[in-house]
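Peer 1: One structure, pasted below without further comment.
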Amino acid sequence: MKTFPESFTWGAATASYQIEGGAHAEGRGESIWDRFARQPGKVYKQQNGEIACDHFHRYKEDVQLMADLGIQSYRFSFAWPRLFPQEGRFNPEGLEFYKRLLDELEAKGITPSATIYHWDLPTWLQDKGGWTNRETVEHFVTFAKVLFEEFGSRINSWITHNEPWCAAFLGYGFGVHAPGHTDWNEALIASHHLLLSHGKVVELYRSMGLKGEIGITLNLSPAVPATESPEDAAAVERSDGFANRWFLDPLFKGSYPQDMLRLYENRFGILNFIKDGDLETISVQNDFLGINYYSHNIVGADDENDVLGARNISETVNVTDMGWGIHPDSLYHLLTRIKMEYTDIPLYITENGAAFPDQKVNGKVEDYERIKYLHDHFAAAHRFIEDGGNLQGYYVWSFLDNYEWAFGFSKRFGIIYVDYETLERTPKESYKWYQKVIKSNQIVTRRDGNRKNELGE
Ligand code: GBH
């Protein structure tokens, strides 16, 4: 039996574009994902978030399901195009949905954790260069200011950005996320502006004298070597520099990692988008760090990759429906590394979970693999806490099956099943299992892979 601290926060997470729908309601403008999804060949079956889970209209039912689940906190994000649909236009009506949502959460005693940016940039900003344009930083500050003025007294937990690595590199470098660009130089510029906008918004929050907590969420993936060769060891360093240190170092050490600066400057020339004073802004004190963890990367040296000289080796055994290997121990090692090398401020797992090809049979979704995944990752988190680690909460990704970006609705991460024909919600077995975890504040260690025992019964 593993018991969590009394004050530990159990939660679940979602993001605006992935669940809301209501794409034209109350004056919402267009986001880069609405536009990206229309381009042929970008998203599975060209699916989009026009309706998604229709959370925009079904939020009451959803908050009731949260209350029944027993979560203490719900992590969601604001859709920027609802508030700023066009250049120079603020749409106050776009606040109404979030007021209704917060009313509902408050009525059920669920604490909101709000992410300001989870990838749905207004297209009018993209038309001016999006995150490669330094002016976007100021627009982000304006957006955040409206949110702080409106909700600063109702929301005490703020996350500036969700996974700036994804927004920058998947969006501008690999072209697999909106806006779909394939230019590493652009991705580097975007990553810097995302970090800079984080620092500016934290400064704004402090200057407004607000009493809650503010931080950032990073997706961190430990890099492990494919073989014991020195070449792979060196590739691991670069891969770690690329995915993790490029964000952790400026935030917590006030400088970009030297080895990566050298590597990028050799390739792209002087990174003159990094201006005097930027790193002081970026390294502003955070109240917490949010970590999204799914898997680790197995990395090998690769000369064909002309920027990093490294590649991720895909796994085939013990993987989720995304093809991501299941490695709970890496979560423990990651948390320990953050504590040892970076910071001892409170940490939150702001996302962890898994996609599996769930099916509803006789009204039930028997997602035992998800229960095992969550159990083993909760256990890794518990081990870190036992060691004295400052982990204060855990948000399961995701509350609902939803729009999985380039994979459309083909991947199911939810602990609640969504029938996309009827939009009916069905709590999966993992929901019922999580409900018991929250209620008892403990996890029961599985014995012998027996199904019943896997459920902690
Ligand atoms: C999160 O991204 C998002 O915040 C969330 O919106 C999303 O729905 C959820 O996770 C599930 O995907 O690409 O083979 O190199 C996580 C994104 C996943 C990005 C792992 C890096 C590395 C594997 N990360 N990925 S690979």
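Read-outs throughout are calculated quantities, based only on the coordinates presented, and are distinct from any laboratory measurement. Since this is a predicted model, take the numbers as computed values, not measurements. Positions of Cβ are generated from backbone atoms using ideal geometry, with glycine treated the same way; all protein chains shown enter the neighbour counts.
Peer 1: When the residues of segment 12-32 are narrowed to those that are assigned to a loop (DSSP other than H, G, I, E, B) and within 14 Å of the chain's Cα centre (by Cα), which ends up farthest from the ligand (Cβ to nearest atom)?
Peer 2: Of the residues in segment 12-32, the ones assigned to a loop (DSSP other than H, G, I, E, B) are 14-15, 20-24, 28-30.
Applying the additional criterion that residues be within 14 Å of the chain's Cα centre (by Cα) yields 14-15.
Details: 14: 9, 15: 5 Å.
Among them, the one singled out is 14.
Peer 1: Now for a separate question. Which pairs do you get when a residue that is more than 13 Å from residue 322 (Cβ to Cβ) and away from the ligand (no atom under 11 Å from the Cβ), found in segment 392-415, comes within reach of a residue that is assigned to a loop (DSSP other than H, G, I, E, B) and basic (Lys, Arg), reach meaning Cβ atoms under 9 angstrom, with the pair 6+ apart or on two chains?
Peer 2: Correct list of pairs: 415/428.
Peer 1: Report yes if some residue within segment 75-83 is over 21 Å from the mean Cα position of the chain (by Cα) and more than 22 Å from residue 217 (Cβ to Cβ); otherwise report no.
Peer 2: The answer is no, given that none of the residues of segment 75-83 is over 21 Å from the mean Cα position of the chain (by Cα) and more than 22 Å from residue 217 (Cβ to Cβ).
Peer 1: Which condition does residue 76 not pass, out of (1) in contact with a Leu (Cβ under 9 Å, 6 or more places away or on another chain); (2) buried (at least 22 other Cβ atoms within 10 Å of the Cβ); (3) not in a strand (DSSP E or B), if it passes all the others?
Peer 2: Among (1) in contact with a Leu (Cβ under 9 Å, 6 or more places away or on another chain); (2) buried (at least 22 other Cβ atoms within 10 Å of the Cβ); (3) not in a strand (DSSP E or B), residue 76 violates only (3).
Peer 1: Output the qualifying pairs, or none if there are none: Cβ atoms under 9 angstrom, residues six or more apart or on different chains, first residue in segment 303-328 and within 30 Å of residue 267 (Cα to Cα), second residue of a type in the set (Phe, Trp, Tyr) and away from the ligand (no atom under 14 Å from the Cβ).
Peer 2: These pairs meet every condition: 307/184; 307/264; 307/268.
Peer 1: Are any residues in segment 55-73 surrounded by fewer than 22 Cβ atoms within 10 Å (Cβ to Cβ) and outside any helix (DSSP H, G or I), and if so, which ones?
Peer 2: Those that are surrounded by fewer than 22 Cβ atoms within 10 Å (Cβ to Cβ) and outside any helix (DSSP H, G or I): 70, 72, 73.
Peer 1: From 52, 37, grab the single residue that is buried (at least 19 other Cβ atoms within 10 Å of the Cβ), among the small types (Gly, Ala, Ser) and part of a helix (DSSP H, G or I). Can you show your working first?
Peer 2: Working: 52 fails: part of a helix (DSSP H, G or I).
Just one listed residue meets the conditions, 37.
Peer 1: Test of understanding: among 221, 197, which residue is in contact with a His (Cβ under 9 Å, 6 or more places away or on another chain) and outside any helix (DSSP H, G or I)?
Peer 2: 221
Peer 1: Scan segment 252-299 for residues that are farther than 24 Å from residue 183 by Cα and not β-branched (Val, Ile, Thr) and report the count.
Peer 2: Qualifying residue count, segment 252-299: 18.
Peer 1: Could you check segment 407-420 and list, in sequence order, the residues that are among the aromatic types (Phe, Trp, Tyr) and assigned to a loop (DSSP other than H, G, I, E, B)?
Peer 2: Listed by number, the residues that qualify are 409, 413, 420.
Peer 1: Can you tell me which of 439, 428 is surrounded by 22 or more Cβ atoms within 10 Å (Cβ to Cβ), over 26 Å from residue 167 (Cα atoms) and more than 16 Å from the ligand (Cβ to nearest atom)?
Peer 2: 428
Peer 1: Then there is this: Could you tell me which of the residues 110, 116, 159 is over 23 Å from residue 33 (Cα atoms), among the aliphatic types (A, V, I, L, M) and surrounded by 20 or more Cβ atoms within 10 Å (Cβ to Cβ)? Full working, then the answer.
Peer 2: Working: 116 fails: over 23 Å from residue 33 (Cα atoms); 159 fails: over 23 Å from residue 33 (Cα atoms).
None of the others qualify; the one that does is 110.
Peer 1: Can you confirm whether residue 207 is under 24 Å from residue 349 (Cβ atoms), of a type in the set (S, T, N, Q) and either without any contact (Cβ under 8 Å) to a residue 12 or more places away in the chain or crowded, with 20+ Cβ neighbours inside 10 Å (or both)? It would help to see each step written out before you state the result.
Peer 2: Working: under 24 Å from residue 349 (Cβ atoms): no; of a type in the set (S, T, N, Q): yes; either without any contact (Cβ under 8 Å) to a residue 12 or more places away in the chain or crowded, with 20+ Cβ neighbours inside 10 Å (or both): yes.
Criteria not met by residue 207.
Peer 1: Another question, then. Give 267, 238 a once-over and let me know the one that is of a type in the set (Lys, Arg) and within 22 Å of residue 132 (Cβ to Cβ).
Peer 2: Unique residue meeting the criteria: 267.
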